[in-house]
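Visitor: Take a look at the following structure, please.
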Amino acid sequence: MNWIVIAANVACWPLLQLGIAAAVTRMNPDRFTRDTWYSHVPGWETGFYRRWLRIRRWKQMLPDGAPWVGGHFRKKTLKRRDPAYLRQFAAETRRGEAAHWLMFACFPIFFLWNPPWARTVMVVYAAIVNLPCIVVQRYNREAIRRLLLLSPPAPVAAGNASPS
């Protein structure tokens, strides 16, 4: 493998990842308010992450990349527990998950100029860089869903109460 191929790999991955992150960060937030077929977290999944992947031990080591591309919502820690904030946090985890799935899906581009052995390296790189982030987004979103279930309902404003 020559230096041009190596330079293409080293330059293209960060450009693709930052470009996708910037594009997804600028997407309409309404696209991320509800779970879809790919973002729905089945009940068994978080138990698997907790027991087998030991997610609580390593999830704080991952960076929050949104600020790198102009994102203003920090997902590193939970700042508040009010329902509006929790819903926004859940939406931002969907946004982050979508970005990482798109980044992961870029690995076939590298098949255009890499020899077969390096293609395997590109797939492994894409998995190592994106799958932990996807797992954390899904795990956090399920935790947020549980917190929302425990949240008291919003009070009804005076004058808006329905007659009994």
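Visitor: Using the Cα gyration tensor of region 1-54, with a ≥ b ≥ c the square roots of its eigenvalues, what is the shape: rounded (a/c below 1.5), prolate (a/b larger than b/c) or oblate (neither)?
Guide: It is oblate, given that a/c is not under 1.5 and a/b is not larger than b/c.
Visitor: Excluding same-chain residues fewer than 8 positions from Lys76, which aspartates and glutamates have a Cα within less than 16 Å of its Cα?
Guide: Within the straight-line cut-off, Lys76 pairs with Asp64, Glu92, Glu97, Glu142.
Visitor: Of the chymotrypsin sites (Phe, Trp or Tyr not before Pro) in region 1-80, which ones lie in a loop per DSSP and count no more than 11 other C-beta atoms within 10 Å?
Guide: Working: sites: Trp3, Phe32, Trp37, Tyr38, Trp44, Phe48, Tyr49, Trp52, Trp58, Trp68, Phe73; in loops: Trp37, Tyr38, Trp52, Phe73.
Qualifying residues, ordered by number: Trp37, Tyr38, Trp52.
Visitor: If you don't mind, there's one more thing I want to ask. State, as an integer percentage, the relative contact order of region 1-139 based on alpha-carbon contacts under 8 Å between residues 6 or more apart.
Guide: RCO, region 1-139: 35 percent.
Visitor: So, one more: Considering the dipole of region 3-150 built from charges on the beta carbon (Lys and Arg +1, Asp and Glu -1) around the Cα centre, which of Leu53, Gly19, Pro108 is farthest to its positive end?
Guide: After comparing all options, I get Leu53.
Visitor: Further question on the same structure: Pairwise over distinct Cα atoms, reciprocal of the mean inverse distance: report the Kirkwood radius of region 3-150 in Å, one decimal place. Intermediate results must be reported in sequence, preceding the final value.
Guide: On the way: mean 1/r = 0.0608 Å⁻¹.
The answer is 16.4 Å.
Values in this text are rule-based calculations from the coordinates and carry no lab data. None of the values given here were measured: they were computed from a predicted structure. Reconstructed Cβ throughout: ideal geometry from the backbone, glycine too, with neighbour counts over all protein chains shown.
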